[in-house]
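Encoded as structure tokens, the structure appears first; notes follow it.
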Amino acid sequence: MIKFDFESYMPKVELNNSYEELKDILKNDSMSGWFNIDKMISNEEVMDIKKTALELSSVNDVLLVIGIGGSFLGAKAVNDALSAYFGDDLVIFAGTSLSSEYLIELWDFIMDKDIVINVVSKSGGTLEPSIAFDYFYEKLLSKYGEQELKNHIVITTDQSSGKLRAFAQKNNYKSFIIPAGVGGRYSVLSAVGLFPIAFAGFDIDVLLKGAKEVDISLAYKYACIRNYLYGVGKKVESYTFYEPKLLYFGEWLKQLFAESQGKNGKGLFPTCSINTRDLHSLGQFYQEGSKILFETVIIADRTSDLYLNNYNMPMDNLNGIAASKVALAHLKNEVYSNFIVMDEINEYNMGYLIYFFEVAAAMGGYMLDVNPFDQPGVSEYKNLINEVINK
Ligand code: PA5
């Protein structure tokens with residue numbers, strides 16, 4: 001269960017009347033293949049993902065997910081949110097930088113383990129994952145040999161186009177589909193995110209259930225509030241968390257909103273804070289610095305049973321008190337906060353929030369009169385890099 005409070009620490013926002021109109025635009029957009037979850041991913045596919053994840057995780061130690069941007073952030077966000085802080089990670093991510101040290105040190109770390117690679121790329125040709133896949137593919141080929149390698153490769157890519165689809169077909173590798181009309185940052189509830197989340201042992205049925213029960217009108221309301229604050233001069237939205245396990249959920253949100261809305265000279269700059277850590281760094285700026293930002297606070301009521309005898313309360317209560325008092329102090333300086341309070345961090349709530357923010361990012365894009373589904377700015381620097389390396 002999640003409580004949304006868009007009033008207590010906010011100015012009064014008049015909603016405009018575009019809900020039905022925007023819902024229709026979204027439904028009919030050629031890139032909103034993710035909006036109808038049942039159409040994006042069938043029961044058969046979900047069953048196949050669960051079966052494959054169970055089979056492979058029972059005979060392997062590590063799933064190496066190779067992808068960047070929307071092809072990794074959602075899975076990493078959910079797995080981090082739901083996993084223990086300390087312990088061996090079953091799912092490790094690569095292909096997110098051009099760090100040679102990362103690749104070499106990662107191979108040294110996993111080489112003696114049994115490994116499955118899940119390469120995830122809609123286009124099949126993105127530079128960083130392509131390099132990482134080439135690197136680890138060679139390593140696994142030497143480790144397992146051509147025949148056995150088939151049990152250690154899973155490819156998630158477009159149904160028909162791109163190098164990876166051709167590669168999967170030629171070698172008869174297990175593959176999943178990223179459907180047409182589903183762009184990277186809107187793909188976490190497809191096989192892109194579901195397979196690595198299922199491999200880590202989390203319940204993807206419950207994740208999807210949460211997503212399917214989202215109140216779309218609430219996502220619209222949140223999009224209106226962001227749009228209003230942008231209109232009165234705010235430039236930055238901080239996603240502020242009081243549970244550090246949600247750090248990567250913040251990274252996912254940053255990508256979702258930056259790539260969906262930061263274009264044509266428009267958009268709020270999305271950032272995130274992990275409190276109470278950042279109250280001892282960014283907190284000063286939030287309270288008294290330039291009046292450019294507002295916050296969307298995301299917090300869980302209950303995380304564990306730790307009771308603080310000296311304060312006569314559970315530590316979670318203290319965290320909640322900190323969050324509300326910080327918001328109150330900010331409000332006094334006209335730094336506004338939305339509040340999103342989960343009863344606990346679980347699959348249902350993560351699924352709910354993912355879909356809630358996806359709808360808000362898309363509808364908010366229409367409100368700004370930008371296309372929420374392209375990223376022309378990214379292509380611009382990709383092309384310049386390619387000019388050099390493809391000479
Ligand atoms: O949201 C997006 O579309 C992007 O962030 C992509 O996910 C990212 O660029 C990776 O692209 P691809 O999956 O084609 O490798």
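The values are calculated or read from the model by the stated rules, or taken from the named source; none is laboratory data. Note that the coordinates shown come from a computational prediction; the quantities given were computed from them, not determined experimentally. All Cβ positions, glycine included, derive from the backbone under ideal geometry; neighbour counts span all protein chains shown. Heads up: the accessible areas ignore ligands, DNA and RNA and are worked out on the full protein's heavy atoms, side chains in. Shrake-Rupley method; radii C 1.70, N 1.55, O 1.52, S 1.80 Å.
What to note about this one:
- The ratio of the alpha-carbon radius of gyration of the range 234-386 to the globular-protein estimate 2.2 N^0.38 Å is 1.17.
- When you restrict to C-alpha pairs under 8 Å that are six or more residues apart and normalise by the size of the range 32-206, the relative contact order lands at 33 percent.
- Per DSSP, loop trypsin sites (Lys or Arg not before Pro) in the range 203-275 with at most 13 further Cβ within 10 Å: LYS266
- With R₀ set to 45 Å, the beta-carbon distance separating LYS291 from SER123 gives a calculated FRET efficiency near 0.65.
- Note on SER97 and PHE269: the extension gain reaches 59.7 nm, defined as 0.36 nm multiplied by sequence separation minus the Cα-Cα distance.
- Seen against the Cα atoms of the chain and their longest principal axis, helix 43-59 is set at about 70 degrees.
- Electrostatic bookkeeping for SER58 treats Lys and Arg as +1 and Asp and Glu as -1; over the other residues with beta carbon under 13 Å from its beta carbon, the sum is -1.
- Exposed loop sites are taken as chymotrypsin sites (Phe, Trp or Tyr not before Pro) in a DSSP loop (any state but H, G, I, E or B) with at most 13 other beta carbon atoms within 10 Å; the longest stretch of the chain without one runs 87-310.
- The accessible-area ordering, largest first, of the residues LEU282, LEU127 stands as LEU282, LEU127, per a 1.4 angstrom probe.
- Protein heavy-atom surface of the chain, 1.4 angstrom probe: 51% of the accessible area is carbon and sulfur, with nucleic acids and ligands not counted.
- Where ASP88, ASP24 fall by accessible area, highest first, once all protein chains stay in place (1.4 Å): ASP88, ASP24
- Rounded D (µm²/s) - the range 316-391, Kirkwood Rh over Cα pairs, Stokes-Einstein at 37 °C, 0.692 mPa s: 197
- Between the listed residues GLY145, LEU268, ASN312, the Cα displaced farthest toward the positive end of the dipole of the chain, a dipole computed from Cβ unit charges relative to the Cα centre, is found at LEU268.
- Heavy atoms of GLU334: accessible area, 1.4 Å probe, square angstrom to 10: 110
- Note on the chain: semi-axes of the ellipsoid equivalent to its C-alpha gyration tensor, largest first and rounded to whole Å, are 36, 25, 20.
- In sequence order, the range 273-285 has phi-based couplings of 10, 10, 9, 8, 3, 7, 5, 9, 9, 5, x, 4, 5 Hz under the Karplus curve 6.51 cos²θ - 1.76 cosθ + 1.60, θ = phi - 60°, and Gly or Pro positions carry x.
- Taking amide H atoms as placed 1.01 Å from N in the peptide plane, the amide H of SER175 lies under 5 Å from those of ILE155, each 5 or more residues away in sequence or on another chain.
- Exposure ranking of THR303, THR52 by accessible area [1.4 Å probe, largest first]: THR303, THR52
- Angle in degrees between helix 247-261 and the longest Cα principal axis of the chain, rounded to the nearest 10: 80
- For the range 32-206, a crude dipole built from +1 on the beta carbon of Lys and Arg and -1 on the beta carbon of Asp and Glu, taken about the Cα centre, is about 620 debye to the nearest 20.
- Surface accessible to a 1.4 Å probe, per residue, for the residues of the chain, Å²: 47
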